[in-house]
Amino acid sequence: MHESIRSALRAAGAALLATVTVAAAALSGTAPASAAPAGLPGMDVSSHQGNVNWSGAWANGARFAYVKATEGTYYTNPYFAQQYNGSYNVGMIRGSYHFARPDTTSGAVQANYFVDHGGGWSKDGRTLPGALDIEYNPYGATCYGLSQASMRSWIASFVNQYYARTGRWATIYTTTDWWSTCTGNTSQFAANNPLWIARYSSSVGTLPAGWGTYSFWQWSSSGVFPGDQNVWNGSLDRLRVLACNGPC
């Protein structure tokens with residue numbers, strides 16, 4: 001998640017607790033859950049966390065991590081190696097994610113940049129498919145100046161190229177509100193792309209169209225682990241199946 005988006009979601013959660021405003025609820029899905037939802041605990045991090053104490057996170061129960069690798073075609077996380085390799089070395093199942101900038105270059109171009117800078121995949125049983133982080137624009141217009149049809153085409157360009165390069169369908173990270181606003185709540189990606197939903201609330205709420213369930217749920221921006229708090233909707237064995245794309 002982009003650092004400014006994280007701050008906005010945290011602020012929105014606090015505002016909801018204080019004022020229960022409709023605007024705050026619309027922004028991010030309301031306040032963080034008071035306790036971790038059911039599922040396998042995990043986390044996601046970016047340069048905002050710097051060098052992460054992975055042994056501590058493992059001891060506290062984290063079993064997977066998503067690590068920011070890239071943004072657009074102009075940024076790579078300077079802490080990526082420490083975070084991506086460090087999570088792996090303590091035993092976690094890890095993956096990397098790309099913060100989308102649909103207003104700068106095509107989806108295919110950004111997918112290539114992502115794969116070339118840490119977003120690849122290997123069938124080692126410990127590497128998750130890369131994730132496309134597509135959400136509120138921290139730099140301007142919410143939908144990056146794209147129509148709903150153009151946004152759908154951009155996402156398709158990214159996930160199709162990622163599949164061509166890696167043989168995996170990328171996980172899609174988003175919020176239901178943004179997805180509805182900027183894609184028209186399309187269901188075209190639900191059949192192939194695992195859903196990583198962001199909602200800071202005691203319930204996951206309504207999911208984007210087509211997804212009958214979520215794979216990952218980012219439920220809070222802070223907690224026992226560094227970075228954002230997540231759960232995998234299943235067991236460790238099932239997470240390994242996703243990592244392996246079937247039996248390892």
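For the reader, a short list of remarks on this structure follows.
- Some residue of segment 217-227 being modelled with pLDDT under 95 and of a type in the set (Ser, Thr, Tyr): no
- Odd one out for residue 216 among (1) over 22 Å from residue 126 (Cβ atoms); (2) crowded, with 18+ Cβ neighbours inside 10 Å: (1)
- Summed over segment 154-198, residues that are in contact with a Ser or Thr (Cβ under 6 Å, 6 or more places away or on another chain) and polar (S, T, N, Q) total 2.
- The one condition in (1) closer than 25 Å to residue 62 by Cα; (2) in a loop (DSSP other than H, G, I, E, B); (3) within 14 Å of the chain's Cα centre (by Cα) that residue 136 fails to fulfil: (1)
- Residue count, segment 52-76 (criterion: in contact (Cβ under 8 Å) with a residue 40 or more places away in the chain and farther than 20 Å from residue 223 by Cα): 6
- Within segment 154-170, the residues that satisfy the criterion of being outside any helix (DSSP H, G or I) and of a type in the set (Gly, Ala, Ser) are 167, 170.
- Output for segment 35-51, where each listed residue is farther than 14 Å from residue 94 by Cα, in contact (Cβ under 8 Å) with a residue 60 or more places away in the chain and outside any helix (DSSP H, G or I): 36, 37, 38, 39
- For segment 154-206, taking the residues that are more than 20 Å from residue 101 (Cβ to Cβ) and of a type in the set (Val, Ile, Thr), the one that is surrounded by the most Cβ atoms within 10 Å (Cβ to Cβ) is identified as 197.
- Looking only at segment 76-103, and only at residues there that are among the hydroxyl-bearing types (Ser, Thr, Tyr) and touching a Gly at 6+ places or on another chain (Cβ under 8 Å), the one that is nearest to residue 178 (Cα to Cα): 97
- Answer residue from segment 62-99, given it is in contact with a Phe, Trp or Tyr (Cβ under 7 Å, 6 or more places away or on another chain) and part of a loop (DSSP other than H, G, I, E, B) and is nearest to residue 166 (Cα to Cα) among those: 73
- In segment 100-122, the qualifying residues are those that are among the polar types (S, T, N, Q) and not in a helix (DSSP H, G or I), and the one that is surrounded by the fewest Cβ atoms within 10 Å (Cβ to Cβ) is 122.
- Boolean, residue 190 is in a loop (DSSP other than H, G, I, E, B) and small (Gly, Ala, Ser): yes
- Which listed residue, of 125, 130, is surrounded by fewer than 19 Cβ atoms within 10 Å (Cβ to Cβ) and closer than 30 Å to residue 58 by Cβ: 125
- Taking the criterion of being more than 26 Å from residue 53 (Cβ to Cβ) and among the aliphatic types (A, V, I, L, M), the only residue of segment 227-241 that qualifies is 241.
- Among the residues listed as 214, 173, 200, the single one being within 15 Å of the chain's Cα centre (by Cα), free of Cβ contacts under 8 Å to residues at least 24 places away in the same chain and not in a helix (DSSP H, G or I): 214
- For segment 139-153, a residue qualifies if it is crowded, with 18+ Cβ neighbours inside 10 Å and in a helix (DSSP H, G or I), and exactly one does: 151.
The values are calculated or read from the model by the stated rules, or taken from the named source; none is laboratory data. Note that the structure is predicted; figures quoted are calculated from it, not measured. Quick reminder, even Gly has a Cβ in these numbers, built from the backbone with ideal geometry, and neighbours come from all protein chains shown.
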